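Taking it in order: structure first as structure tokens, then the write-up.
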Amino acid sequence: MKSTHNFLSLLSFIILTALNVIIVGCGDDPVGPVPAKDYVVYIPESLMSPFRCFAYHTLTGQVDSFNLPCESRGTIAISPDGDRMYLATTRPSIAIVDIQTKTLIGEYLIGLEVGGPILSRDGRFLAVSHHISQDESELLILRTSNMEVVFQDSI
């Protein structure tokens, strides 16, 4: 039973990773030299302090930290405009956090354990997996504008 659960978790991770590569791509648009931009990489601290997140600024090398409004499972996705963070929580749910104010602006409760989330390149869709029982997982594609389920299938 435990090995089936682990296998389903691994399969969910592989499917979500494949969807990320297909939907998001690598993000490179070769158009010539591009001026340096300070991208921010967000890293949630899920083991020691699940309410904490680090922000690494790629141009300056500066690292900031801030408290999350809910407990993270350690997986996040950032909207293309950098305004919203979608994070898997321990509730289990997908929480939507305003990055500027660090406040919770929405939460979508699902399943037993949440995996993902992965955003489409344009930020309109969010893919997540979750367990609906110990032996069965499900893949959901949500529309980010209203968190409506647009695709659902057992995996």
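Bear in mind these aren't lab numbers, they're just calculated from the coordinates by the rules spelled out. Everything numeric in this text was worked out from a predicted model, so none of it was measured. Note: ideal-geometry Cβ built from the backbone for every residue, glycine included; neighbour counts use all protein chains shown.
A few comments on the model shown:
- Sum of side-chain charges, VAL128 neighbourhood, beta-carbon under 14 Å (Lys, Arg +1; Asp, Glu -1): -2
- Relative contact order %, segment 43-155, counting alpha carbon pairs below 8 Å whose residues are six or more apart: 15 percent
- Treating r as the C-beta distance of ASN146 and HIS57 and R0 as 35 Å, the FRET efficiency rounds to 0.65.
- Rounded, prolate or oblate (a/c below 1.5 giving rounded, otherwise prolate when a/b exceeds b/c) for segment 67-123 by Cα gyration tensor: oblate
- Formal net charge of residues neighbouring PHE66 (Cβ-Cβ distance under 12 Å; K, R +1; D, E -1): -1
- With 0.36 nm allotted per residue and the present C-alpha distance subtracted, the ASP64-SER133 stretch has 21.0 nm of extension available.
- Label point distance in nm, TYR39-ASP122, each placed 7 Å from Cα along Cα→Cβ: 2.2 nm
- Proxy reagent accessibility, fewest Cβ within 10 Å first, across HIS57, HIS130: HIS57, HIS130
- The magnitude of the dipole of segment 70-155, with charges of +1 and -1 set on the Cβ of Lys/Arg and Asp/Glu and taken from the Cα centre, is near 260 debye.
- Between segment 41-84 and segment 112-153, the alpha-carbon center distance in angstrom: 20 Å
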